[in-house]
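Below is one structure; the comments refer to it alone.
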Amino acid sequence: QVHLVESGGGLVQPGGSLKLSCLVSGIDAFSVTPMGWFRQPAGKQIESVAALTKNGGTNYFGSAKGRFTISRDTAKKTVDLQMNNLTPDDTAVYFCNQLGTPHWGQGTQVIVSS
């Protein structure tokens with residue numbers, strides 16, 4: 001059974017950084033499994049943030065480009081999202097997903113505010 005657990009969210013000031021982590025279990029071929037981070041601001045639709053392809057490539061969407069970095073740690077079985085230069089527009093619940101599947105984590109809240 002696939003299980004995804006996000007952590008690392010919290011309150012941060014504008015311009016600050018946070019690192020989110022998604023602990024993955026139940027995926028045998030984790031090192032080549034496409035994974036992604038999404039977010040959902042309050043009252044808005046969920047949107048893509050970043051993705052890892054099976055070949056190790058990365059894709060970034062919207063305002064995440066140039067500020068966020070997605071990475072995979074096969075030893076720890078985590079998918080991490082390093083977020084820099086955060087703005088209030090980054091405030092959202094962030095979710096981890098095994099791309100192309102209904103496997104989602106429960107989300108972690110990020111609030112960017114002074």
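The values are calculated or read from the model by the stated rules, or taken from the named source; none is laboratory data. Everything numeric here is computed off the predicted structure, so don't read it as measured data. Because the Cβ atoms are built from the backbone with ideal geometry, glycine has one as well, and the counts that use them run over all protein chains shown. What goes into the accessible areas is simple: the full protein's heavy atoms, side chains included, and nothing from ligands, DNA or RNA. Shrake-Rupley method; radii C 1.70, N 1.55, O 1.52, S 1.80 Å.
Mind listing whichever residues of the range 1-37 are of a type in the set (Gly, Ala, Ser) and not in a strand (DSSP E or B)? Full working, then the answer.
Restricting attention to the range 1-37, the residues satisfying the condition of being of a type in the set (Gly, Ala, Ser) are 7-10, 15-17, 21, 25-26, 29, 31, 36.
Gly8, Gly9, Gly15, Gly16, Ser17, Gly26, Ala29, Ser31, listed by residue number.
Return the pair list, or none, for Cβ contacts closer than 9 Å from residues in the range 59-83 that are touching a residue at least 60 places away in the same chain (Cβ under 8 Å) to residues that are in a loop (DSSP other than H, G, I, E, B) and open to solvent by 50 Å² or more (accessible area, probe 1.4 Å), at least 6 apart or on different chains.
Pairs that qualify, where the first residue is touching a residue at least 60 places away in the same chain (Cβ under 8 Å) and the partner is in a loop (DSSP other than H, G, I, E, B) and open to solvent by 50 Å² or more (accessible area, probe 1.4 Å), are Gln82/Ser17; Met83/Ser17.
Taking the range 1-52, which residues are polar (S, T, N, Q) and under 25 Å from Ser113 (Cα atoms)? If you could, list the steps in order and put the result at the bottom.
Within the range 1-52, the subset polar (S, T, N, Q) is 1, 7, 13, 17, 21, 25, 31, 33, 40, 45, 48.
Passing the criteria: Ser7, Gln13, Ser17, Ser21, Gln40, Gln45, Ser48.
Condition (residue is of a type in the set (Lys, Arg), surrounded by fewer than 16 Cβ atoms within 10 Å (Cβ to Cβ), modelled with pLDDT under 95 and not in a strand (DSSP E or B)) applied to the range 38-45: is it met by at least one residue? Steps first, please.
Taking the range 38-45 as the starting set, the residues that turn out to be of a type in the set (Lys, Arg) are 39, 44.
Checking the rest, the ones that are also surrounded by fewer than 16 Cβ atoms within 10 Å (Cβ to Cβ) come to 44.
Now drop any that are not modelled with pLDDT under 95, which leaves none.
The answer is no, given that none of the residues of the range 38-45 is of a type in the set (Lys, Arg), surrounded by fewer than 16 Cβ atoms within 10 Å (Cβ to Cβ), modelled with pLDDT under 95 and not in a strand (DSSP E or B).
Counting only residues that are hydroxyl-bearing (Ser, Thr, Tyr) and assigned to a loop (DSSP other than H, G, I, E, B), which one in the range 78-114 is farthest from the chain's Cα centre (by Cα)? Break it down into steps so the answer makes sense when it comes.
The initial filter retains those residues of the range 78-114 that are hydroxyl-bearing (Ser, Thr, Tyr), namely 78, 87, 91, 94, 101, 108, 113-114.
Filter once more, keeping what is assigned to a loop (DSSP other than H, G, I, E, B): 87, 91, 101, 113-114.
Working: Thr87: 16, Thr91: 13, Thr101: 16, Ser113: 20, Ser114: 23 Å.
Top of the filtered list is Ser114.
Just one of the numbered conditions (1) touching a Gly at 6+ places or on another chain (Cβ under 9 Å); (2) among the β-branched types (Val, Ile, Thr); (3) closer than 28 Å to Val32 by Cβ is not true of Ile111; which one?
(3)
Show the residue pairs meeting these rules: Cβ distance below 6 Å; 6+ apart or different chains; first residue within the range 103-114 and at pLDDT below 95; second residue of a type outside the set (Phe, Trp, Tyr) and surrounded by 15 or more Cβ atoms within 10 Å (Cβ to Cβ).
Nothing qualifies.
Just need a number here: residues in the range 12-37 that are free of Cβ contacts under 8 Å to residues at least 12 places away in the same chain and open to solvent by less than 60 Å² (accessible area, probe 1.4 Å). Spell out the reasoning first.
Taking the range 12-37 first, the residues free of Cβ contacts under 8 Å to residues at least 12 places away in the same chain are 28-29.
Within this subset, residues satisfying the condition of being open to solvent by less than 60 Å² (accessible area, probe 1.4 Å) are 29.
Qualifying residue count for the region: 1.
Regarding the range 30-39, can at least one residue be identified that is on the phi > 0 side of the Ramachandran plot and in contact with a strand residue (DSSP E or B) (Cβ under 7 Å, 6 or more places away or on another chain)? Spell out the reasoning first.
Going through the range 30-39, the residues on the phi > 0 side of the Ramachandran plot turn out to be none.
Scanning the range 30-39, I find no residue that is on the phi > 0 side of the Ramachandran plot and in contact with a strand residue (DSSP E or B) (Cβ under 7 Å, 6 or more places away or on another chain), so the answer is no.
For the range 64-114, what are the residues that are open to solvent by 60 Å² or more (accessible area, probe 1.4 Å), of a type in the set (Gly, Ala, Ser) and closer than 12 Å to Val49 by Cα?
Gly66
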